[in-house]
Amino acid sequence: MNDEVRATGLDPAREHGQGDPVSRFALRGTRAVTQAQSQRDSRVDLSAVGDDICGPTYAALDLGTNNCRLLVARPTHDGFRVIDAFSRIIRLGEGIGASGRLGEPAIGRAIEVLSICRDKMRNRGVTRMRLIATEACRLADNGEDFLDRVRDEVGISLEIVDRETEAMLAAIGCTPLVDPDADGAILFDIGGGSSEIAKLGRPHACLSGPPQPNMHGWVSLPVGVVTLAERHGGVNVTRAIFEAMVDEVAALMTDFVRAHGKAHSDRVHLLGTSGTVTTIAGVHLGLRRYDRRRVDGCWMINEEVTAVMDRLLAMSYEDRVANACIGAERADLVLAGCAILEAIRRAFPGTRLRVADRGLREGMLVQMMRTDGIWPETGAVS
């Protein structure tokens with residue numbers, strides 16, 4: 001599946017053509033999240049032309065174990081308007097489990113794609129950015145050397161974030177999709193090299209800007225679709241191999257489930273962000289080509305998720321390659337992702353899953369804009 005220009009920051013409320021088709025990210029407002037690591041201390045002119053606020057053009061880049069994703073946006077009064085987006089599967093962490101190092105072919109792919117992102121940011125006049133790297137660079141013996149090379153060859157500086165920051169950014173980015181009538185959500189982000197899970201309460205609604213997450217706990221599992229598929233195989237996956245992957249993930253979740261499993265109920269839904277859940281949603285919807293507007297914010301009941309995973313397990317590798325929502329780039333990874341999801345579903349059984357095509361990049365954009373004082377009304381709404 002071609003992942004380019006997938007994330008656009010659309011509000012699911014506009015999914016059926018309501019409002020501006022370019023659309024914006026946030027649903028409701030909240031107060032500042034003070035954890036932002038801002039690259040410069042600046043305040044923004046709050047005068048507005050139409051719905052857009054005059055001020056910097058922002059960029060957020062997430063270099064993960066499997067994907068490199070960029071989002072460029074300008075602030076609005078209640079969120080932000082996406083003006084450019086880019087995503088490409090590069091498999092930066094390929095083979096890292098065995099070697100402990102980023103391989104030269106993967107580094108070459110990353111340099112090429114990061115150069116594209118640099119050019120997009122320049123062409124869009126980006127003045128404020130946050131560019132992060134996650135699990136592959138955290139684990140690799142040559143992770144810092146890789147960042148030095150990116151700085152020298154591409155001319156941009158990447159920041160390796162810790163797992164807690166990654167979990168918080170995902171929560172900030174996905175909180176607008178927590179059902180306001182529920183008691184909260186189990187948020188999960190299935191990555192290439194790690195997977196983050198967080199227990200969220202009801203969001204803190206405030207007077208302006210996107211909602212603030214109410215995080216009760218989090219865990220980062222040292223396993224993702226790339227690392228799991230490399231250990232167990234991703235081309236020919238039998239039911240026995242699938243169950244072995246589920247068991248491996250479940251063992252890593254024991255402490256988190258012990259702490260938060262009893263509080264789970266039908267009033268707490270699952271909320272997933274990753275290529276795994278968006279792929280499952282695309283297959284469920286029978287999309288001939290991936291359509292973010294139909295996927296982001298969609299709901300799936302438990303039986304629908306099970307049906308899709310059973311269908312994927314029954315497919316041959318060639319069938320998965322031929323599926324428009326999977327393709328050659330994900331065909332050997334999707335069942336590893338399904339195994340991680342299945343371990344989460346068994347630990348936190350429920351009736352509903354909400355799918356998010358958003359996450360770290362949106363979280364970074366919200367953090368930077370809050371730090372810059374884009375949304376001046378920060379008092380909580382009781």
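A compact table of results
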quantity	calculated
Set 244, 281: member being touching a His at 6+ places or on another chain (Cβ under 9 Å) and farther than 19 Å from residue 168 by Cα	244
Selection from the stretch 201-227 of residues that are crowded, with 22+ Cβ neighbours inside 10 Å and assigned to a loop (DSSP other than H, G, I, E, B)	203, 209, 210, 211, 213, 223, 224
Filter result for residue 353 (at pLDDT 95 or above, under 18 Å from residue 249 (Cα atoms) and either hydroxyl-bearing (Ser, Thr, Tyr) or surrounded by 23 or more Cβ atoms within 10 Å (Cβ to Cβ) (or both))	no
Residue list for the stretch 251-278, restricted to those being assigned to a helix (DSSP H, G or I), closer than 23 Å to residue 359 by Cα and in contact (Cβ under 8 Å) with a residue 40 or more places away in the chain	256, 257, 260, 275, 276, 277, 278
Count - residues of the stretch 279-295 that are closer than 21 Å to residue 224 by Cβ and part of a loop (DSSP other than H, G, I, E, B)	1
Count - residues of the stretch 41-63 that are at pLDDT 95 or above and not in a strand (DSSP E or B)	1
Filtered residue count, the stretch 288-315, keeping only those that are closer than 19 Å to residue 358 by Cα and either of a type in the set (Asp, Glu) or over 15 Å from the mean Cα position of the chain (by Cα) (or both)	9
Number of the exception - residue 72 against (1) free of Cβ contacts under 8 Å to residues at least 60 places away in the same chain; (2) not in a strand (DSSP E or B)	(2)
Subset of the stretch 85-102 [touching a residue at least 24 places away in the same chain (Cβ under 8 Å) and not in a loop (DSSP other than H, G, I, E, B)]	85, 86, 87, 88, 89, 96, 97, 98
Flag if residue 294 is among the charged types (D, E, K, R), without any contact (Cβ under 8 Å) to a residue 60 or more places away in the chain, touching an Asp or Glu at 6+ places or on another chain (Cβ under 9 Å) and buried (at least 16 other Cβ atoms within 10 Å of the Cβ)	no
Selected residue (criterion: surrounded by the most Cβ atoms within 10 Å (Cβ to Cβ)) from residues of the stretch 308-341 that are more than 22 Å from residue 195 (Cα to Cα) and either touching a Pro at 6+ places or on another chain (Cβ under 6 Å) or of a type in the set (Lys, Arg) (or both)	320
Meets criteria (buried (at least 24 other Cβ atoms within 10 Å of the Cβ) and either within 15 Å of residue 131 (Cβ to Cβ) or modelled with pLDDT of 95 or more (or both)) for residue 113	no
From 219, 246, 277, residue being closer than 21 Å to residue 328 by Cβ and at pLDDT 95 or above	277
Considering residues of the stretch 297-325 that are in contact (Cβ under 8 Å) with a residue 60 or more places away in the chain and in contact with a Leu (Cβ under 8 Å, 6 or more places away or on another chain) only, the residue nearest to residue 342 (Cα to Cα)	313
Qualifying residue in the stretch 366-376 (condition: aliphatic (A, V, I, L, M), touching a strand residue (DSSP E or B) at 6+ places or on another chain (Cβ under 7 Å) and at pLDDT 90 or above)	yes
Residue among 231, 267 that alone is under 19 Å from residue 179 (Cα atoms), outside the structural domain of residue 97 (by TED's automatic domain parsing) and among the basic types (Lys, Arg)	267
Tabulated pairs, the stretch 103-130, first in the same structural domain as residue 67 (by TED's automatic domain parsing), second polar (S, T, N, Q) and surrounded by 15 or more Cβ atoms within 10 Å (Cβ to Cβ), C-beta under 6 angstrom, 6+ apart or interchain	124/57; 125/57; 126/57; 127/57
Any hit, the stretch 67-82, residues being under 20 Å from residue 162 (Cβ atoms), surrounded by fewer than 24 Cβ atoms within 10 Å (Cβ to Cβ) and polar (S, T, N, Q)	yes
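The values are calculated or read from the model by the stated rules, or taken from the named source; none is laboratory data. What you see is a predicted model; the values in this text were computed from it and never measured. Positions of Cβ are backbone-derived with ideal geometry, glycine not excepted, and every protein chain shown enters the neighbour counts.
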